[in-house]
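J.: Got a structure here, written out as structure tokens. Questions coming.
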Amino acid sequence: MTPVNWKIEGMSCANCVLTIRHYLERQGAQNIKISLAGGDLSFDNDDRQDEQQLQKGIQGLGYTVMTGEEAAGPGEKMFNRYLRYTLICLPFTALLFLPMLDRWLPLPFLMNPWVQAICSLPVYLLGMSFFGRSAWRSLANGLPNMNVLVTLGATAAFVYSLAGTLFHLGAAYQFYETAAGIITLVFFGNYLEDASIQATQRALKELARPQKVMANMIAFDGEHQELIFPVGNTSLRSGDLILIRSGEQVPADCKILWGEGSVDESILSGESLPIDKGPKDGLLGGSLLVSGTVKAQVTAGAKDSVLSVIVNLVKQAQGEKPPVQQLADKISAVFVPVVLILAALTGLLNYYFLHDTTSALMRSIAVLVIACPCAMGLATPAAIAVGLGRAARHGMLFRHARGLESFKDIRQIVFDKTGTLTTGKFRIERIKIMSSEQSVVSGEWSVVSTEEDAEKGEAGKEAMTEEEFKRICYSLAKYSNHPVSKAFTREWKQSGALRWAKIEEVKGLGMRAETKEGDVYWMGSYKVVANLFVNRTPDAAGDFGGRPSAEDTHNSYLLRNGSLMGWVDLADEVRPEAAGVIRHFQSKGIRTILLSGDRPEACILLARQLGIDEVYAGQSPEQKLARISALNAIAPVAMVGDGVNDAPALAAASVGISMSDASHLAMQTADLVLMNQGLKNLPAALRLGKLTFLTIRQNLFWAFFYNVVAIPVAAAGLLSPTLAAGAMGLSDVVLAINSVRLFARRLNQEPVKRETEANF
């Protein structure tokens, strides 16, 4: 399968989307996503069909296909084609309507039917070259679109008038202005609709705009002298050297080699405050170097940059259909045939009761042109486009449109601990290395000698030196991305790391390694040493279980051949926004839960500090998955996590939420990625999801209400065909304007103050 991404022009309603989808499905394409609002098309080609043939096939249906760089750009044109068609038609249509002003501006020659026919002919021919061709192709494909209605309405008025002119039937048969007015107003309505839809894409365009900038590339001449010359950032490749000066935009994802600077990453994270960066720090393409000068090495080309990935993900998400759109799609698929039947019935019934062919025809035409399947097709995509775009612009990346909609039902939110409620940036506070005597008894704890310990003779060995202890810890930690491991690799970096014969990361426990000599090392949480300790002090329940008391529990333990060599105390700070976020969700009636693999004592302490309602500690990845499944059975649940251990639970939750600095697997399984490396945008994501769904419901109500009311009004003769055409064009604009209102809605609300402490 080869992924294909194109831009489609000419789609005007949900039937257009269905037409293209059905054509591609017949050609063997899979995973088809089409955004009516953005015009983006993506699918997987099974390689049996040539892409050029598929492109010609879609163009044969009446649509324009743009590929490559043409499709990747923002897509704005100098002059909108619908506006161009409107301006061409407008002078001819105006001449046809001037006789209505004969009281103030008598122009008797314009009343001549042949003059009116000549004035309307260019408008009719232009309309048929666009609407007529599209209508014919949609009929040939078995999915009639709204252009069938426009074509029939305009053609009926023009042919009726032309017959009256040819057979000298008089002024009662002159409706050239109706035919021209329908075509001109529908063109103008399409222009307003297109302009309104472009407004819904505003946030995405703001993201896409920085993707094409100039870069200062560094090269060297034959004498190894540094040369700097400008190039387009799209030509940069991984490994290239670039110079970024103060005030310049970062042209590509890169790593600083020399220099320091302050970077504004608001375009990606929504974070307004600049971040200080130095050597070895990464820079994201599209961000702005506010101050300083740096030399950096490109780490990803333009197509693989974080910004490019975000833009593509938003486009794909906009092409998805959330569940709320399914009803509208079903109605849109049969809408045009139903309207054709209603128009025919309108003509027959009016002729039967009124015995007036002209009135019956005009009312049938009014029914044809006022019906608007576009409104139902655009109701959801327009709101989704604004919601996803605004979310991405403020550091909230929804990977699927359904994730945005699912927020409305969330009643429980589950947080991981390390890296989620805490910063995940541990610092080493102190180390404890066991002496030979302490390897038998340590304080109140009895250290139990294991069979493996006896076989290896560890009890009699001398204690490790501090240098050896650090070297072993570093050698184990360098193979893990766990936040605790990163503290060791950052603070205890060693040049002479050990080479292991075998090493693996055991989820929920820690790192296990073997040397060539057969020594087995473990470094991990309390779970790896729980069987070594016997707590002599009973707990509140009188239990002498195997766990030490809270004050004696440490963060990371090192074992060699089953014997405890020492431990390290690490400290992890709580995110400053965590308490406010917890209070916000509780004020909305959402239950907050802490689900962590960490020890119970640390989890309960953090939960009390933040006021979390419920705690599940010491959970393995399998237990986390089971717990999320159980919670989901009670009520929809959102899960926030950042590690490999959280990936299964994130996938199982109604809404999976990952941090931007999370593991790659966690980000791939999440529905929402918070790009600002913190929780502060989480309440905004919840509110945006609910506001987006509210807007979708409002749009769908308007779309159904408009058609339910407008069609009977037109059938009753209360609207002329020309006014009906204008009303049809404005219906889509109403939806787009209502969707664009999402840009102005407040997302941040002050969390309420906690009055009572949570129960555990």
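The values are calculated or read from the model by the stated rules, or taken from the named source; none is laboratory data. Bear in mind the structure is a predicted one, so any value in this text is a computation, not a measurement. Cβ: placed from backbone, ideal geometry, glycine included. Neighbour counts: every protein chain shown.
J.: Tell me which residues, restricted to segment 270-287, are assigned to a loop (DSSP other than H, G, I, E, B), touching a residue at least 12 places away in the same chain (Cβ under 8 Å) and either at positive phi or not hydroxyl-bearing (Ser, Thr, Tyr) (or both).
T.: First, the residues of segment 270-287 that are assigned to a loop (DSSP other than H, G, I, E, B): 270-274, 278-281, 284-287.
With the extra rule that they be touching a residue at least 12 places away in the same chain (Cβ under 8 Å), the set shrinks to 270-271, 274, 278-281, 284-287.
The answer is Gly270, Glu271, Pro274, Gly278, Pro279, Lys280, Asp281, Leu284, Gly285, Gly286.
Okay, residues lined up against (1) surrounded by fewer than 24 Cβ atoms within 10 Å (Cβ to Cβ); (2) in contact with a His (Cβ under 6 Å, 6 or more places away or on another chain); (3) modelled with pLDDT of 90 or more:
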position: Gly562; (1), (2), (3): yes, no, no
position: Ala578; (1), (2), (3): yes, no, yes
position: Asp598; (1), (2), (3): yes, no, no
position: Leu610; (1), (2), (3): yes, no, yes
position: Gln619; (1), (2), (3): yes, no, no
position: Gly643; (1), (2), (3): no, no, no
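J.: Continuing with this model, one more query. Under 7 Å between Cβ atoms, which residue pairs at least 6 apart in sequence (or on different chains) link something in segment 1-12 that is at pLDDT 80 or above with a partner that is among the polar types (S, T, N, Q) and not in a strand (DSSP E or B)?
T.: Between residues of segment 1-12 that are at pLDDT 80 or above and residues that are among the polar types (S, T, N, Q) and not in a strand (DSSP E or B), the close pairs are Trp6/Thr67.
J.: Still on this model: Tell me the strands (runs of 3 or more DSSP E) entirely within segment 556-629 that contain at least 1 residues that are within 28 Å of the chain's Cα centre (by Cα) and of a type in the set (A, V, I, L, M). If you could, list the steps in order and put the result at the bottom.
T.: Numbers: elements: 556-560, 563-571, 591-595, 614-616.
Because the criterion is at least 1 residues that are within 28 Å of the chain's Cα centre (by Cα) and of a type in the set (A, V, I, L, M), the strands (runs of 3 or more DSSP E) in segment 556-629 that meet it are 591-595.
J.: Moving on to the next point. Sort out which residues of segment 118-142 are hydrophobic (A, V, I, L, M, F, W, C) and buried (at least 24 other Cβ atoms within 10 Å of the Cβ), and write them in order of number.
T.: Keep residues of segment 118-142 that are hydrophobic (A, V, I, L, M, F, W, C), which gives 118-119, 121, 123, 125-126, 128, 130-131, 135-136, 139-140.
Selection gives Val123, Phe131.
J.: Output the residues belonging to segment 505-516 that are of a type in the set (D, E, K, R), modelled with pLDDT of 90 or more and in a loop (DSSP other than H, G, I, E, B). If you could, list the steps in order and put the result at the bottom.
T.: So in segment 505-516, the residues of a type in the set (D, E, K, R) come out as 505, 507, 512, 514, 516.
Narrowing further to those that are modelled with pLDDT of 90 or more: 512, 514, 516.
Answer for segment 505-516, where residues must be of a type in the set (D, E, K, R), modelled with pLDDT of 90 or more and in a loop (DSSP other than H, G, I, E, B): just Lys516.
J.: Just to be sure I understand, how many residues within segment 58-82 are over 28 Å from the mean Cα position of the chain (by Cα), at pLDDT below 60 and crowded, with 18+ Cβ neighbours inside 10 Å?
T.: Final tally of qualifying residues: 0.
J.: Another question, then. Looking at segment 522-531, can you tell me whether even one residue there is exposed (fewer than 14 other Cβ atoms within 10 Å of the Cβ) and not assigned by TED's automatic domain parsing to the domain that holds Lys624? Steps first, answer last, please.
T.: Residues of segment 522-531 that are exposed (fewer than 14 other Cβ atoms within 10 Å of the Cβ), as a first pass: 531.
Next, from what is left, pick out any that are not assigned by TED's automatic domain parsing to the domain that holds Lys624: 531.
Yes, there is a match, as at least one residue in segment 522-531 is exposed (fewer than 14 other Cβ atoms within 10 Å of the Cβ) and not assigned by TED's automatic domain parsing to the domain that holds Lys624.
J.: Can you tell me which residue among Leu694, Leu747, Leu719 is buried (at least 16 other Cβ atoms within 10 Å of the Cβ) and closer than 23 Å to Arg393 by Cβ? Steps first, please.
T.: Details: Leu694 fails: buried (at least 16 other Cβ atoms within 10 Å of the Cβ); Leu719 fails: closer than 23 Å to Arg393 by Cβ.
From the options Leu694, Leu747, Leu719, the qualifying one is Leu747.
J.: Any residue at all in segment 665-674 that is more than 22 Å from Leu421 (Cα to Cα), modelled with pLDDT of 80 or more and among the aliphatic types (A, V, I, L, M)?
T.: Narrowing segment 665-674 to residues more than 22 Å from Leu421 (Cα to Cα): none.
For segment 665-674, residues more than 22 Å from Leu421 (Cα to Cα), modelled with pLDDT of 80 or more and among the aliphatic types (A, V, I, L, M): absent.
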